[in-house]
Amino acid sequence: MILWILFLAGFILVHLSKMLRLYLVLMEHKIPFWEFVLLYLKTTLVNFIIPFKIGEVYRFYCISRKTKYWQVGILSILVDRFFDMLALCMVLVPCDILFVRKMFSIAYPPLLSDITVIFLVVLIVIVICYISILPTYRYLNRYLIKEKTSSRSLAALKGLDVVKDWFDFTRKLISGRFALILLSSLAGWIFEVFTIGVLAKALSEPFDAMIFINYIRSIFGMGSRYLLSSYTRCSVLLMAVFLLLALLVSFIGRCKKKVS
């Protein structure tokens, strides 16, 4: 019983951290807090039900509808995923270095697991693209204006302006909040490791760094899905309960406003 109480507490902390991260990303768009809570709960529930994060399409729709900007819908999800992946790597890299190498009996075991390498490569590519956009835009914009006058140059200039607009949207989503978003992401993963470990113990299953890495791999169809399936079933049940409670509170609040 105590283990399930700890699991519930850990689950709540995980999603409070993740909800805070998304709220920090979207706070400039001033979505009413309770509406944001409902948005997070229902989109997270859909994400649990639909595998491989395809549920993010629904989150894109909901965020775009609330903010009135479809660019914010896409970019907020990409920014949220970036910080999620960055924080996850901050957890996986020490696990790989300290524990995973001991699992190999070969002379020169790999320093990092395959999933960690994939995440790091994706992160590096994203960072390089992000820091390259503004100087590249300035150079090409100046070059095209000075050297070219054809219709292709005009089309290229328009394309550059679109890229710059998307860059500005992204910068506004994280400006001044990078550290806070990263800290909330890291807290979310630390709580998730704890929560998954408690669930494994409650199910009388072993749990260590290698099993956690295999859990992450299983999210992308690269490993055993037993622990992932158990965690997902519990998450769907709890998230559905929290969503129903939130909808009930919202309904009661609207009724009180009508009466008053």
Fill in the blank from the handout: Result of the Cβ filter at 7 Å on the stretch 220-245, keeping first residues that are under 21 Å from L8 (Cβ atoms) and partners that are among the small types (G, A, S), at least 6 apart or interchain, is L227/A200; L228/S218
Problem - I54 being in a loop (DSSP other than H, G, I, E, B), farther than 18 Å from S184 by Cα, under 19 Å from the mean Cα position of the chain (by Cα) and hydrophobic (A, V, I, L, M, F, W, C) - result: yes
Exercise for the section: Pick out the one residue from R21, R65, R59 that is free of Cβ contacts under 8 Å to residues at least 12 places away in the same chain, part of a helix (DSSP H, G or I) and among the basic types (K, R). Expected result: R65
Completion exercise
Those residues of the stretch 24-56 that are under 25 Å from G176 (Cβ atoms), among the aliphatic types (A, V, I, L, M) and touching a residue at least 40 places away in the same chain (Cβ under 8 Å) come to a total of 5
Fill in the blank from the handout: Residue count, the stretch 151-176, condition in contact with a helix residue (DSSP H, G or I) (Cβ under 7 Å, 6 or more places away or on another chain) and farther than 16 Å from V72 by Cα, comes to 4
Fill in the blank from the handout: Going through (1) exposed (fewer than 14 other Cβ atoms within 10 Å of the Cβ); (2) within 24 Å of the chain's Cα centre (by Cα) one by one, V122 fails only at (1)
Handout entry: Residue that is farthest from S76 (Cα to Cα), among those in the stretch 177-217 that are without any contact (Cβ under 8 Å) to a residue 40 or more places away in the chain and not aliphatic (A, V, I, L, M)
Key = S204
Practice task
Take L6 and decide whether it is buried (at least 17 other Cβ atoms within 10 Å of the Cβ), closer than 30 Å to S204 by Cβ and more than 16 Å from the chain's Cα centre (by Cα).
Solution key: yes
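The numbers here are math on the coordinates, done by the rules we state, and not lab data. All of these numbers come straight from a predicted model, not from anything done at the bench. When we count neighbours, we look across all protein chains shown, and the Cβ atoms used for this are built from the backbone with ideal geometry, even at glycine.
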